[in-house]
């Protein structure tokens, strides 16, 4: 398997993957080639429409790496638009892979697919059900993506799948709604909740995806560095205090703040802070054959130092 097509290849993980793979027999697709090397083959592709069938049909890759996703919606993006990329886009890519004889599909799913639930075991293995909360667009969409992939495994077993349920990705220049929490003067936490985080280094994720395109065995794998960090651990690393609020107080405040335009988050965000999925990476190490170079704590330290915090 040498001919690889990447969707969403101009993003942070895509660029790292292109650097790891090199330009030979790699086709990168996205809405724009901004940030990509000039020597890589690029095809513009919008996953929400007929482009996947057209481009995959023309390029005939052996492997498709599906990275296209909306992690942090840009200002003004609606949930329907994010759904079109995450869910409809995945359905279109899977259909194109089946139609044009792709041998392997590698998909970056998310630990968010498990959902934010009080009864989530700590840590979660890949055998846990995907229960992405309907109130969280990203988690709900990733749960629906997992349903699409499960159907494809059942109906089209000739298309091998590597599904990577990825924890919080941090690397040089990472700046999103999660890192915004770490930049606050005080870290926000819910009383009686550790609010644990697991992290994976951008470079580790690129190497994992690279292995998934070639020698790595098909299957479903949690992707995170060893260990996890509570809000108190993060606060200590950042030398910042922690603001602990009862869940009901924060829910009430957000219920008032969002309609007034004072916050982009509503009361449902409290579950995100309370019940973050903690990913067990045992299968990644023992079955897939990759041990992340950096632990969750080391990934956070690397990001913190590069961010100047």
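Readers should treat all values here as calculations from the given coordinates under stated rules, not as data from a laboratory. Small disclaimer: the values here were computed from a predicted structure and weren't measured. Because the Cβ atoms are built from the backbone with ideal geometry, glycine has one as well, and the counts that use them run over all protein chains shown.
Okay, here's what the table says:
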item: Rounded, prolate or oblate (a/c below 1.5 giving rounded, otherwise prolate when a/b exceeds b/c) for region 1-110 by Cα gyration tensor; result: oblate
item: Label assignment, mean projected area of the Cα convex hull in nm² derived from the structure, set (i) 16.5; (ii) 15.2; (iii) 14.0; result: (ii)
item: Degrees, to the nearest 10: 89-99 long Cα axis against longest axis of the chain; result: 20 degrees
item: Beta bridge orientation in the chain: antiparallel %, DSSP, nearest 5; result: 5 percent
item: Degrees, to the nearest 10: 12-21 long Cα axis against longest axis of the chain; result: 40 degrees
item: Theoretical FRET efficiency, 1/(1+(r/R0)^6), r = Cβ-Cβ of residue 120 and residue 175, R0 30 Å, to 0.05; result: 0.65
item: Nearest-ten-degree value, helix 296-307 long axis tilted from longest Cα axis of the chain; result: 90 degrees
item: Difference of contour (0.36 nm per residue) and Cα-Cα distance, residue 53 to residue 39; result: 2.6 nm
item: Label point distance in nm, residue 242-residue 72, each placed 7 Å from Cα along Cα→Cβ; result: 2.4 nm
item: Contour excess over end-to-end distance, with Cα ends at residue 24 and residue 184 and 0.36 nm allotted per residue; result: 53.3 nm
item: Estimated inter-spin distance, residue 147 and residue 291, nm [label 7 Å along Cα→Cβ]; result: 3.9 nm
